[in-house]
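Inspection log for the structure reproduced underneath, given as structure tokens.
The values are calculated or read from the model by the stated rules, or taken from the named source; none is laboratory data. These numbers come from a predicted model, not from an experiment. Note that we place each Cβ from the backbone using ideal geometry, even for glycine, and neighbour counts take in every protein chain shown.
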Amino acid sequence: MDMIFSFLSSALPSAWSSKASAVAEAIPDSSIHGARVSYPKESVPALYPNEKVGERVTSYAEENSSALPSHIVNYHDMIQKSQPKTANYMIHMSEAQALVFIAKTVGAKRVLEVGVYVGLSMLAWSHAVGPDGKVTGLEFDPHFAAMAEKSFSDHGVENADVIVGDALETLATLTPSEPYDIIFIDAQKSGYPLYLDTILKRSQPGIPNRLLRPGGLIIGDNVLRCGFVADDSTDNPWRNFDFGKHRPQYWKSQDVMSLKEFNAGVAGSARLENWLCPLWDGVNISRLLD
Ligand SMILES: C[S@@+](CC[C@H](N)C(=O)[O-])C[C@H]1O[C@@H](n2cnc3c(N)ncnc32)[C@H](O)[C@@H]1O
């Protein structure tokens, strides 16, 4: 067996549903040396010794973590079936479990999400903050925003709203009456440095209508991007993955450069402390100190 595919088939749980890029464009399954593989960004090859162990560990962790409400699980399944080209934009269900746990742990009541797609992760935030909380989403695709709003009304969710527009512009214009407890960044990767900069500038101590409260969390999704952010050498077999003609040499792309800038900005900020979680596609969880 080819060395690359041997590595992939042994290291990557095939059952993972993956959430793809924040650009409004699906990355189809592709092939490496003729073998079908799924888009790899939620792989965790360093954590499990082979595919079977990885699948079982992942399932075990999901089954032994607090269950998500059935309407969220069912909506995820429905989108997987009905929107096959873009369903992988959604966070993995075990990531949703983690985000709900984090939100409840910090007592979050106000969450802002940058990059909504059809509302799956907003349903998770909505559940986490409870009926007396509030979730606001920023999404520039009106079709996705309408699907998200429909999912809220279909499920009786009254604490979630989507603002349609380019988050690179709308984020800076928000004037929340109370600051957010969590801001989840999950839109286009090239925008991450500006989103971080805007959040920090608009959350200075003492300014009116600050975005994030002192002690609030900034959570950036997909910050490792198939591991390219940390290792874009030829040791990373995903360099051989076909990301499509629009993404040649993806490991050198603006997405990857912007994510490096974002992670460096978080790590280098005296106003933040963080943990870069290497699960899924990498989740950078930081806490605003002031
Ligand atoms: C990865 S998806 C979000 C998935 C969602 N958080 C979930 O897990 O269910 C990213 C979304 O960000 C949106 N997006 C990308 N760039 C954006 C921008 N500049 N402003 C607003 N939305 C943007 C895309 O249209 C897409 O729906």
Looking at region 187-209, I want the residues that are acidic (Asp, Glu) and within 14 Å of the ligand (Cβ to nearest atom) and have a partner that is at pLDDT 95 or above and not in a helix (DSSP H, G or I) with Cβ atoms under 7 Å, at least 6 apart or on another chain. Which pairs are those?
none
In region 71-103, residues that are more than 12 Å from the ligand (Cβ to nearest atom), under 18 Å from residue 277 (Cβ atoms) and not β-branched (Val, Ile, Thr) total 5
Any idea which of 114, 157, 135 is under 30 Å from residue 65 (Cα atoms), in contact with a Leu (Cβ under 7 Å, 6 or more places away or on another chain), aliphatic (A, V, I, L, M) and more than 9 Å from the ligand (Cβ to nearest atom)?
157
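Name the one entry in 151, 177, 126, 190 that is surrounded by 15 or more Cβ atoms within 10 Å (Cβ to Cβ), of a type in the set (Ser, Thr, Tyr) and more than 28 Å from residue 74 (Cα to Cα).
Only one candidate qualifies: 190.
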From 100, 111, 116, residue being at pLDDT 95 or above, assigned to a loop (DSSP other than H, G, I, E, B) and β-branched (Val, Ile, Thr):
116
For region 226-281, the count of residues that are of a type outside the set (D, E, K, R), in a helix (DSSP H, G or I) and under 27 Å from residue 215 (Cβ atoms) equals 9
What pairs come up if the first residue lies in region 233-250 and is in contact (Cβ under 8 Å) with a residue 24 or more places away in the chain, the second is in a loop (DSSP other than H, G, I, E, B) and among the small types (Gly, Ala, Ser), and their beta carbons are under 7 Å apart, counting only those six or more places apart or on different chains?
238/227; 247/253
Only one of 119, 115 is in contact with an Asp or Glu (Cβ under 8 Å, 6 or more places away or on another chain), closer than 20 Å to residue 95 by Cα and touching a residue at least 60 places away in the same chain (Cβ under 8 Å). Can you tell me which?
115
Among the residues of region 254-268 satisfying the criterion of being closer than 14 Å to residue 285 by Cβ and in contact (Cβ under 8 Å) with a residue 40 or more places away in the chain, which is surrounded by the most Cβ atoms within 10 Å (Cβ to Cβ)?
262
Within region 86-109, how many residues are surrounded by 20 or more Cβ atoms within 10 Å (Cβ to Cβ), in contact with a helix residue (DSSP H, G or I) (Cβ under 7 Å, 6 or more places away or on another chain) and charged (D, E, K, R)?
0
Pick from region 221-238, criterion buried (at least 23 other Cβ atoms within 10 Å of the Cβ) and β-branched (Val, Ile, Thr), ranking: farthest from the ligand (Cβ to nearest atom)
229
